[in-house]
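Visitor: Below is the structure I would like to discuss, written out as structure tokens.
The values are calculated or read from the model by the stated rules, or taken from the named source; none is laboratory data. Just so you know, these numbers come straight off a predicted model, no measurement behind them. Virtual Cβ from ideal backbone geometry, glycine too; neighbours counted across all protein chains shown.
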Amino acid sequence: MSPHTYCIAPMLDCTDRHDRFFLRLLSSQVRLYTEMVTTGALIHGDRLRFLGFDSSEHPLALQLGGSDRHAMATCAKLAEEAGFDEVNINVGCPSDRVQSGQFGACLMAEPQRVADCVEQMTASVSIPITVKHRIGIDDLDSYEHLSDFVATIASAGCKTFIVHARKAWLKGLSPKQNREVPPLQYARVRQLTADFPELAFVVNGGIENQRDVQQHLRDFDGVMVGREAYHNPYSLADVDQTVFGSSAAIATREAVVDAYLPYIQQHMKRGVPLAHMARHMIGLYKGEPGAKQWRRAMSEHTREPGVGIEVIEKALLDVREKTIQVERAKTDYNSNCGLQL
């Protein structure tokens, strides 16, 4: 089975170390990715902030944004020394800020520059260097360009490509619109798997449920799930069983929260705000009784001055009571229907 069978996408303001710890409580097997870190921030900024993680987060990849091969190699070495299992190069983000830094999706127009980074990084570390990219940008959206892009970078030593199956418009669309407006073209990625059988391809974009996952795993070496995993984290609860064949019991939502609370307490003592960690649980009860109250508690009540984990414990009790009420109402309804018959 590929080490990239099931990946959680790097998402800015989402996949910080606290979210990754939380997601690991739901699945011990999925491959986790950091938020994108720029080479400048890593070289000149707070390295502990960007490179710190809990040992439970493995397998874990650092996503880098940059285009200077020397800086990228330096950062790859820092990542390896910190214990990361992979370094991923961002060639997919279309934001104006990223473009102004000469990295992200705009690099699809400069495959040799990406290849130079891959070559120097690969020579500097023993962990895998992977690339996450789009199927094209602006008018550079032919399959020929995509194929040449992959071939150029593969020749530099990259063996795994994570492909967002949409093109990106560098002008006129916001990053959010670039995740939704350009049509998905999975067939383009399937063609890459046929043309480059020696390489591994992980598909990203529009994967919303486990049915999608199972379908894509028939065609690709892996899937990368983004917003669905963040906004509906319990969708990961059975991945170890359904995808990886684990015989372990599926954790309940309440058990996951209980396991997260000691971590929250530990990091609150280090000065991390409660709300900063609780926000990752906002969608945990999506579609369940009490979901609205839970969302409010995680997004609002955890921001109140002086509160601690008792806010979360109370929210758990409220959800449990709401569930009991709903089940009781169902039982009463079914009983009444039976009497009417």
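Visitor: For segment 12-43, which residues satisfy the criterion of being within 15 Å of Val87 (Cα to Cα) and under 12 Å from the mean Cα position of the chain (by Cα)?
Guide: Of everything in segment 12-43, those that are within 15 Å of Val87 (Cα to Cα) and under 12 Å from the mean Cα position of the chain (by Cα) turn out to be Arg31, Leu32, Tyr33, Thr34, Glu35, Met36.
Visitor: Before we move on, is Ser56 surrounded by fewer than 17 Cβ atoms within 10 Å (Cβ to Cβ) and either in a helix (DSSP H, G or I) or at pLDDT 95 or above (or both)?
Guide: Spelling it out, Ser56 is indeed surrounded by fewer than 17 Cβ atoms within 10 Å (Cβ to Cβ) and either in a helix (DSSP H, G or I) or at pLDDT 95 or above (or both).
Visitor: Return the residue satisfying two criteria in turn: it lies in segment 1-42 and is in a loop (DSSP other than H, G, I, E, B) and among the hydrophobic types (A, V, I, L, M, F, W, C), and of such residues it is farthest from Pro262 (Cα to Cα).
Guide: The qualifying residue farthest from Pro262 (Cα to Cα) is Met1.
Visitor: Picking from Ala259, Ala248, which residue would you name as being aliphatic (A, V, I, L, M), under 27 Å from Gln29 (Cα atoms), in contact with a Leu (Cβ under 7 Å, 6 or more places away or on another chain) and surrounded by fewer than 16 Cβ atoms within 10 Å (Cβ to Cβ)?
Guide: Among Ala259, Ala248, only Ala259 is aliphatic (A, V, I, L, M), under 27 Å from Gln29 (Cα atoms), in contact with a Leu (Cβ under 7 Å, 6 or more places away or on another chain) and surrounded by fewer than 16 Cβ atoms within 10 Å (Cβ to Cβ).
Visitor: As an exercise: evaluate Pro197 against (1) within 19 Å of Leu217 (Cα to Cα); (2) buried (at least 18 other Cβ atoms within 10 Å of the Cβ) and give the number of the one condition it does not meet.
Guide: Tallying (1) within 19 Å of Leu217 (Cα to Cα); (2) buried (at least 18 other Cβ atoms within 10 Å of the Cβ), Pro197 fails exactly one: (2).
Visitor: Now, a different point. Can you find even one residue in segment 162-176 that is over 17 Å from Arg134 (Cα atoms), modelled with pLDDT of 95 or more and either surrounded by 14 or more Cβ atoms within 10 Å (Cβ to Cβ) or in the same structural domain as Tyr285 (by TED's automatic domain parsing) (or both)?
Guide: no
Visitor: State whether one or more residues within segment 94-113 are of a type outside the set (Ser, Thr, Tyr) and in a strand (DSSP E or B).
Guide: Scanning segment 94-113 turns up no residue that is of a type outside the set (Ser, Thr, Tyr) and in a strand (DSSP E or B).
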